[in-house]
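The values are calculated or read from the model by the stated rules, or taken from the named source; none is laboratory data. Since the model is a prediction, treat every value here as computed from it, not as a measurement. When we count neighbours, we look across all protein chains shown, and the Cβ atoms used for this are built from the backbone with ideal geometry, even at glycine.
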């Protein structure tokens, strides 16, 4: 049982930290432009969202109400809201310009408020339907191993998400370190790539869950 939980925990950590979704690109972009502090706040928001989703699904599994997540209306609603949020966030990246100083590359506006960064990370992750289904699969698999014990599930996933946060902070740290090697042009390209990825994810969500039906 212990080995099975360790294996499942490692898989969850890899899936959450190295899935190239909207939160991943935004995290790297923030670490490069704003540094470790702002990037860590965004990472905290992402992991906080994961914890909220995980806890919610654990409760649904425990009370046998997990079928609510499979509702077509619920999926369509979350996809449209999530798609709009991703498109809006992505559009902002096309308006940001960078200037290079003698020692570093800085953005020509003030760093966002800490609460704003946490909220941004939370929303980017929370309104991504892929993350919902990822947690649904993870919780369903682990709940069987833990005999559907709500307390055991919450403790297990809290430990896993603690490890996820450490990995996310490491990514932000590395992103901050490479910014001194980036030129204005490369930083602008980073902005455009991040914005494009977010917009594409947003449009894909809306199309797949609404127009493609």
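What the table below lists for this structure:
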quantity: Meets criteria (modelled with pLDDT of 80 or more and surrounded by 15 or more Cβ atoms within 10 Å (Cβ to Cβ)) for residue 111; calculated: no
quantity: Output for segment 1-18, where each listed residue is in contact (Cβ under 8 Å) with a residue 24 or more places away in the chain and either crowded, with 20+ Cβ neighbours inside 10 Å or within 13 Å of the chain's Cα centre (by Cα) (or both); calculated: 12, 13, 15, 16, 17
quantity: Filter result for residue 139 (more than 16 Å from the chain's Cα centre (by Cα), modelled with pLDDT of 85 or more, closer than 30 Å to residue 208 by Cβ and surrounded by 13 or more Cβ atoms within 10 Å (Cβ to Cβ)); calculated: yes
quantity: From the options 197, 167, residue that is modelled with pLDDT of 80 or more, buried (at least 19 other Cβ atoms within 10 Å of the Cβ) and under 20 Å from the mean Cα position of the chain (by Cα); calculated: 197
quantity: Single unsatisfied condition, residue 147 versus (1) in contact (Cβ under 8 Å) with a residue 60 or more places away in the chain; (2) not in a helix (DSSP H, G or I); calculated: (1)
quantity: Qualifying residue in segment 172-187 (condition: within 13 Å of residue 93 (Cα to Cα) and either surrounded by 14 or more Cβ atoms within 10 Å (Cβ to Cβ) or modelled with pLDDT under 85 (or both)); calculated: yes
